[in-house]
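Enquirer: This is the structure I want to talk about, given as structure tokens.
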Amino acid sequence: MSFIEKSQPRPSKPSKVRLYSSRFDPLSAGIRYVLRAKGIEFEDCYINLKDKPDWYNDINPTGEIPCIEYGDEVIPESLIIHDYLEAKFPNVKMQRTDSAYKWSKDRLFVTRFTQNVTPKIGGSIKNPDENVDQLLAKLKKVSEIMGMRGMDYIGGDSPNYADYYLFGWVEIIPSLKAAHDLKIDIHKDEAYKDYFAWVFRMDKDKHIEQDRVDRKVNFKTRTEFLKTVIAGSPNLKVGL
Amino acid sequence: MAFLGKDSQRPPKSSKPRLYTSRFDPYSAGIRFLLGAKGIDYEHVYLDVHNKPDWYKEVNPAGHIPALETGDETVFETFVIYDYLEDKYPAVRTQPTDAYKKAKDKIFMAHTKEYLTTKITSAVKNLKDNLEEIQRVLKIIDGIMGKRGTDYLGGDKPNFADYYLFGWVELLPALKGVHEFDFELDKNEFSHYLPWVSRMDKNEHVENDRKTHKSGLKNRIAFFKSALAGTPNIKVGL
């Protein structure tokens, strides 16, 4: 992976999939796990959102990450990226094909999670007092849904894009707890049983474990990074 | 036609797809055009969104329309419904089959949602203050249409992106009437967008929808006027 400095010229068109991302960004995380699970070779280019190179807006006019560049094709927007990768690289399936309805249930889980839970995760980093209680309430709901579905993963017997998407977000939570030194202890609470069982499985996923090793992004470095964010000067290179 | 409000009973499940909608809802409009284009046989029920029945949370926990219910299967969230329908009813294609072209259309819809539909929603109450921003985004859309160089975003005929966009922009002429505020987009500046609007206005599924729901311009203006006055008349013109 590489940190793209502001002064660097635009890299030449990639022959493999290039992911413009940020080291600790949760949406990028979900995409990376899917890229790995699908066996897609990719380059990881970290864009500093606070100090973007001028040419980045030529690639993605909204200036956001994550964004995929593959030859002449540029795709922003996390879920659209997931769908593009699924269509373009069909060998390893990361989305259900058994029924339109089951596919839509996974997509609705992700969509509703994005609407209801992710703002509370971001909010808990900035302002835990106002957000953590609501975040915990929403995690109970997530646990309930997982319990109702009654499978090891959202994808069934093995993780699919929805599992990786959610995990890219929830893996932040232990770090935000440590960074803010929050006194929360819900691991033994029955209401979160199915959620933690799923987290425990995902934590051991080989693609997630490999990603930690390759990028040195893990509980420790994520916690350190969040501390620098809370202090007002985010250090994207912690632990490197 | 059933208008389902607080005192209503949940309709029994049916194997025929049922769309929970309301006559003038821009989120539902694109889906209805698409259902027509795909030749899907379905029924619709009007949910009284100002007076929602308690049972509706069982249909859609998020509480909004549109929602599509087929037997035990309920799908909601507009973008999810589009994808669900494309997968379930593949005979008539309304999305590109090429991965990149499909992504471009989805990006178009995502940006339309973020930058345009929010402004149109605000314009319902206040057209004047939102007009500049709406025009700015329509100018970008005009540029995209010009670059594609085809009659529709979908090429020779409308696709899901065309129907989605039109479901929203057909509100604009109505809002002119509601606020009695005349503005015209410049024919030269919007030389791709305006002809596209004319084509979509004449689209058979759009015309059919207006006939079915009696949701033409006159009734749409009357409805939004009544909504702004605080007494939304969901049965206007019927």
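Enquirer: Return the total of residues in the range A:122-136 being surrounded by fewer than 18 Cβ atoms within 10 Å (Cβ to Cβ), among the polar types (S, T, N, Q) and part of a helix (DSSP H, G or I).
Expert: Total meeting the criteria: 1.
Enquirer: Taking the range B:26-43 on its own, how many of its residues are surrounded by fewer than 22 Cβ atoms within 10 Å (Cβ to Cβ) and not aliphatic (A, V, I, L, M)? Before the answer, list the steps.
Expert: So in the range B:26-43, the residues surrounded by fewer than 22 Cβ atoms within 10 Å (Cβ to Cβ) come out as B:26-27, B:36, B:38-43.
Then keep just the ones that are not aliphatic (A, V, I, L, M); that gives B:26-27, B:36, B:38-39, B:41-43.
Within the range B:26-43, residues that are surrounded by fewer than 22 Cβ atoms within 10 Å (Cβ to Cβ) and not aliphatic (A, V, I, L, M) number 8.
Enquirer: Say whether the condition of being within 16 Å of B:I107 (Cα to Cα), at the interface with another protein chain (Cβ under 9 Å from one of its Cβ atoms), surrounded by fewer than 20 Cβ atoms within 10 Å (Cβ to Cβ) and not charged (D, E, K, R) is met by at least one residue in the range A:88-104.
Expert: Just the residues of the range A:88-104 that are within 16 Å of B:I107 (Cα to Cα), to begin with: none.
No, that holds for no residue.
Enquirer: Let me ask another. Which of the residues that make up the range A:82-121 are in a loop (DSSP other than H, G, I, E, B) and either within 19 Å of the chain's Cα centre (by Cα) or of a type in the set (A, V, I, L, M, F, W, C) (or both)?
Expert: Step one: filter the range A:82-121 for residues in a loop (DSSP other than H, G, I, E, B), giving A:89-99, A:117.
Once the filter is applied, which keeps residues that are in a loop (DSSP other than H, G, I, E, B) and either within 19 Å of the chain's Cα centre (by Cα) or of a type in the set (A, V, I, L, M, F, W, C) (or both), the range A:82-121 yields A:F89, A:V92, A:K93, A:M94, A:Q95, A:V117.
For every residue, the table says whether it meets (1) basic (K, R); (2) away from chain B (no Cβ under 11 Å); (3) farther than 30 Å from A:K204 by Cβ.
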position	(1), (2), (3)
A:K38	yes, yes, no
A:E43	no, yes, no
A:K50	yes, yes, yes
A:N57	no, yes, yes
A:E69	no, yes, yes
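Enquirer: Output the residue which, of all residues in the range B:123-146 that are of a type in the set (K, R) and more than 19 Å from the chain's Cα centre (by Cα), is farthest from B:A110 (Cα to Cα). Talk me through it step by step, then tell me what you get.
Expert: Just the residues of the range B:123-146 that are of a type in the set (K, R), to begin with: B:125, B:128, B:136, B:139.
Then drop every residue that is not more than 19 Å from the chain's Cα centre (by Cα), which leaves B:128, B:136, B:139.
Details: B:K128: 25, B:R136: 17, B:K139: 17 Å.
Among residues in the range B:123-146 that are of a type in the set (K, R) and more than 19 Å from the chain's Cα centre (by Cα), the one farthest from B:A110 (Cα to Cα) is B:K128.
Enquirer: Got at least one residue in the range A:71-81 being under 22 Å from A:R215 (Cα atoms), among the aliphatic types (A, V, I, L, M), under 15 Å from the mean Cα position of the chain (by Cα) and surrounded by 21 or more Cβ atoms within 10 Å (Cβ to Cβ)?
Expert: Yes; the residues of the range A:71-81 include at least one that is under 22 Å from A:R215 (Cα atoms), among the aliphatic types (A, V, I, L, M), under 15 Å from the mean Cα position of the chain (by Cα) and surrounded by 21 or more Cβ atoms within 10 Å (Cβ to Cβ).
Enquirer: Which ones in the range A:1-16 are free of Cβ contacts under 8 Å to residues at least 60 places away in the same chain and in a loop (DSSP other than H, G, I, E, B)? If you could, list the steps in order and put the result at the bottom.
Expert: Start the filter on the range A:1-16 by keeping residues that are free of Cβ contacts under 8 Å to residues at least 60 places away in the same chain, which leaves A:2, A:4-16.
Within the range A:1-16, A:E5, A:K6, A:S7, A:Q8, A:P9, A:R10, A:P11, A:S12, A:K13, A:P14, A:S15, A:K16 qualify.
Enquirer: Residue pairs, Cβ under 8 Å, 6 or more apart or interchain, first in the range B:174-195 and on the phi > 0 side of the Ramachandran plot, second surrounded by 10 or more Cβ atoms within 10 Å (Cβ to Cβ) and not in a loop (DSSP other than H, G, I, E, B). List them.
Expert: none
Enquirer: Look through A:L19, A:L35 and report the one residue that is at pLDDT 95 or above, part of a helix (DSSP H, G or I) and under 16 Å from the mean Cα position of the chain (by Cα). Before the answer, list the steps.
Expert: Numbers: A:L19 fails: part of a helix (DSSP H, G or I).
Of A:L19, A:L35, the one residue that is at pLDDT 95 or above, part of a helix (DSSP H, G or I) and under 16 Å from the mean Cα position of the chain (by Cα) is A:L35.
Enquirer: Applying the selection to the range A:208-240, what residues are of a type in the set (S, T, N, Q), part of a loop (DSSP other than H, G, I, E, B) and within 17 Å of the chain's Cα centre (by Cα)?
Expert: Going residue by residue through the range A:208-240, those that are of a type in the set (S, T, N, Q) are A:210, A:218, A:221, A:223, A:228, A:233, A:235.
Adding the requirement that they be part of a loop (DSSP other than H, G, I, E, B) leaves A:218, A:233, A:235.
Hit for the range A:208-240 is A:N218, nothing else.
Enquirer: Moving on. What number goes with the only condition from (1) surrounded by fewer than 18 Cβ atoms within 10 Å (Cβ to Cβ); (2) free of Cβ contacts under 8 Å to residues at least 24 places away in the same chain; (3) of a type outside the set (G, A, S) that A:P174 does not pass?
Expert: The failed condition is (2).
Enquirer: Further, regarding this structure: Among the residues of the range A:167-204, count how many are among the acidic types (D, E) and either touching a strand residue (DSSP E or B) at 6+ places or on another chain (Cβ under 9 Å) or assigned to a helix (DSSP H, G or I) (or both). First the steps, then the outcome.
Expert: Let us first name the residues in the range A:167-204 that are among the acidic types (D, E), namely A:171, A:181, A:185, A:189-190, A:194, A:203.
Those left that are additionally either touching a strand residue (DSSP E or B) at 6+ places or on another chain (Cβ under 9 Å) or assigned to a helix (DSSP H, G or I) (or both): A:190, A:194, A:203.
Of the residues in the range A:167-204, 3 are among the acidic types (D, E) and either touching a strand residue (DSSP E or B) at 6+ places or on another chain (Cβ under 9 Å) or assigned to a helix (DSSP H, G or I) (or both).
Enquirer: Here is a follow-up. Could you grab the pairs with beta carbons closer than 7 Å, sequence gap of 6+ or different chains, first residue in the range A:218-240 and over 15 Å from A:N48 (Cα atoms), second one β-branched (V, I, T) and assigned to a helix (DSSP H, G or I)?
Expert: A:R222/A:I172; A:L226/A:I125; A:G239/A:T221
Enquirer: I need every pair where a residue in the range A:116-139 that is acidic (D, E) has its Cβ under 8 Å from the Cβ of a residue that is in a helix (DSSP H, G or I), sequence separation at least 6 or different chains.
Expert: So the pair list comes out as A:E130/A:G123.
Enquirer: Quick one: which helices (runs of 4 or more DSSP H) lie wholly within the range B:51-170 and hold at least 1 residues that are without any contact (Cβ under 8 Å) to a residue 40 or more places away in the chain, among the basic types (K, R) and within 14 Å of another protein chain (Cβ to nearest Cβ)? Talk me through it step by step, then tell me what you get.
Expert: Details: elements: B:56-59, B:78-88, B:99-111, B:118-125, B:127-148, B:160-169.
The helices (runs of 4 or more DSSP H) meeting that bar are B:56-59, B:78-88, B:99-111, B:127-148.
Enquirer: Does A:L19 qualify as being in contact with a strand residue (DSSP E or B) (Cβ under 7 Å, 6 or more places away or on another chain), within 22 Å of A:F113 (Cα to Cα) and of a type in the set (A, V, I, L, M)?
Expert: It is false that A:L19 is in contact with a strand residue (DSSP E or B) (Cβ under 7 Å, 6 or more places away or on another chain), within 22 Å of A:F113 (Cα to Cα) and of a type in the set (A, V, I, L, M).
Enquirer: Which of the residues spanning the range A:105-121 are over 17 Å from A:P26 (Cα atoms) and either at the interface with chain B (Cβ under 9 Å from one of its Cβ atoms) or surrounded by fewer than 19 Cβ atoms within 10 Å (Cβ to Cβ) (or both)? Steps first, please.
Expert: Keep residues of the range A:105-121 that are over 17 Å from A:P26 (Cα atoms), which gives A:105-108.
Matches in the range A:105-121: A:K105, A:R107, A:L108.
Enquirer: Can we say A:G63 is assigned to a loop (DSSP other than H, G, I, E, B), over 23 Å from A:K204 (Cα atoms) and of a type in the set (G, A, S)? Steps first, please.
Expert: Working: assigned to a loop (DSSP other than H, G, I, E, B): yes; over 23 Å from A:K204 (Cα atoms): yes; of a type in the set (G, A, S): yes.
Yes.
Enquirer: Tell me which of these A:N60 doesn't satisfy, since it passes every other one: (1) surrounded by fewer than 20 Cβ atoms within 10 Å (Cβ to Cβ); (2) of a type outside the set (K, R); (3) modelled with pLDDT under 95.
Expert: It fails just one condition, (1).
The values are calculated or read from the model by the stated rules, or taken from the named source; none is laboratory data. Here the structure is a predicted model, which means the values were calculated and not measured. A quick note on method: Cβ atoms are made from the backbone with ideal geometry, for glycine too, and the neighbour counts reach across all protein chains shown.
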